[in-house]
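The values are calculated or read from the model by the stated rules, or taken from the named source; none is laboratory data. Computed from a predicted model, the values in this text were never measured in an experiment. In this analysis, Cβ positions are derived from the backbone assuming ideal geometry, glycine residues included, and neighbour counts consider all displayed protein chains. The area values use the complete protein model at the heavy-atom level, side chains included, leaving out ligands, DNA and RNA. Shrake-Rupley method; radii C 1.70, N 1.55, O 1.52, S 1.80 Å.
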Amino acid sequence: MDSVTASTTPPTHPAHPDDVASEARPAAGSLPAGDAAPAADAPPVTMGEKPGQRRSLAARMMVIAGIWISVLLLGGGFALDRALTRQVQSNFDDQLEYVLTALIASAEVDDWGDVRFYRSLGDQRFLEVNSGVYWQISGPDKEPYPSRSLWDRTLEVDGSHVDDEPHFYDSEQFADEPLRVVERNIILPDSDTQWTFTVASAREELDFQITRIRSILFWSFAVLGLGLLMMAALQSYYGLSPLRRVRAAIQSMRSEGANRIEEPLPLEVEPLVEEINALLAHSEKQAEEARTHAGNLAHALKTPLTVLTNAATAHDPKLSDLVCRETKTMQRHVEHHLARARAVGRRATGHARADVWPSAESVVRAVTRIYENTRFDLDGNREAAVAIERQDLDEILGNLIENAAKYGGGSVFVTVDADPIDFDNCTIWVEDDGKGIPDAERIRIFDRGARLDTGKPGTGLGLAIVRDVAEIYGGTVELDESEDLGGLMVRLKLPRSGMAKEG
């Protein structure tokens, strides 16, 4: 148990009890440097977005759709082009192979070792000069045996390899006539010569079919891509229409005085609308609280001003003392409402953090100067941190510890988070050895101006300030009986700081 011993040196100037822990609390209405309001004319900047840069959801959707449609159409078109081209070429090669098979089946070797046909092939094009369809039979040390359609030309045959199966390839041996060629090596009966049977056909028809297929594919996919882009544009326009309805609803709130967005909207937009409605409700609540506080402050100041006016009019000889007392009351009322306003403003930033132990130590030192005969004991977790501004924490602890010293019997215990089993809240106990507060009065005592012991000076605003500021930060304050000292025990719960939770 750490004890903070009261100083034996009396204060130079007597202090009013209502000025408790004035050294631990900031001046009313002051704001730390980090809470400075941003410039009103500064344009809002979105995270990850350069100032002045605007982006459209419809444009993003169209760009994504355009890229995806292009990738699919190009990939699908390429694959389909390859498949159809191979199929057309395969059909063309099957016809050449059929002619090659018929050529081999009709060939035989005569008595002089030369190849001849014992039956006609039946294709008139082989008899027409330069018809585009040709055949030729070649052998080692043999003169090539060509079709009439070749006339004075011959097909070039590479004799460096043997093709036991049909071998297809393209040839440019005729400068003005690209060819598709199939060849095969065969040894005919009653012959030891390896004959090369070759069938060639001009590629004009094959290339025409391939070009026609590619043209059909190109225009078909172009029309399909354009249709898909139009569908994506229509989908973007129709899909984003709920956002335009939300904008219209917000405009109607500004022009027609509506306070909520009640129009039925799709499920995907409902969370946005709910957040907007929650923001509107929060703004209305803050505005209502501001009006209430302004009215309460005006009402609280009205009575002291009336007392001062009447005393001044009546030339009351005790006017000086009366002015001091009533102005002190008005000052406490102003501090109360400024403390609430300050806490609300700091809570909105969402980054408040204060270490409890240093704050409690500074408050105890300040209160010790006023109540020299009171023994203060401070114990608990020195590392506890809460999500509240240091000035507001000093305000709360100053009121609680000052009340415990004022109404206690000479002993005050302050325990900070002695059993930190609650991971969300930090609990602070303030106990005294006074008379305590009856159960029936423990709720009423939090009302502004409520006092049970009117024999001691005060305004009755201390516990009201504690409750209001604690609730603004999401905390609670409860009154109970102290088991150790027998007097009042105040149980203050404040949310832990996020960094303290992680630690």
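List of remarks:
- Potential lengthening between Glu177 and Leu80 on full extension [0.36 nm per residue; Cα-Cα distance subtracted]: 32.1 nm
- Model label points for Asp192 and Ser241, set 7 angstrom from Cα along the Cα-to-Cβ axis, are 9.0 nm apart.
- Region 170-230: GluC sites (Glu not before Pro) in DSSP coil with no more than 16 other Cβ atoms inside 10 Å: Glu172
- Take the Cβ atoms of Leu224 and Glu383, set R0 to 45 Å, and the FRET efficiency comes out at 0.10.
- As a fraction of the 1.4 Å probe accessible area of region 96-139, surface on carbon and sulfur atoms comes out at 49 percent.
- Of Lys285/Lys406; Lys285/Lys435; Lys318/Lys435; Lys328/Lys406, those spanning more than 27 Å from alpha-carbon to alpha-carbon: Lys285/Lys406; Lys285/Lys435; Lys318/Lys435
- Surface accessible to a 1.4 Å probe, Val477 within the full protein complex, Å²: 20 Å²
- Residues in region 223-250 reached by a label modelled at Leu73 [backbone nitrogen below 15 Å; 7 Å Cα→Cβ]: 223-234
- The heavy atoms of Lys142 offer some 70 square angstrom of accessible surface to a 1.4 angstrom probe.
- Point-to-point label distance, Ala248-Glu274, nm (Cα→Cβ direction, 7 Å offset): 2.5 nm
- Euclidean distance of C-alpha centroids, region 127-187 and region 389-422, integer Å: 109 Å
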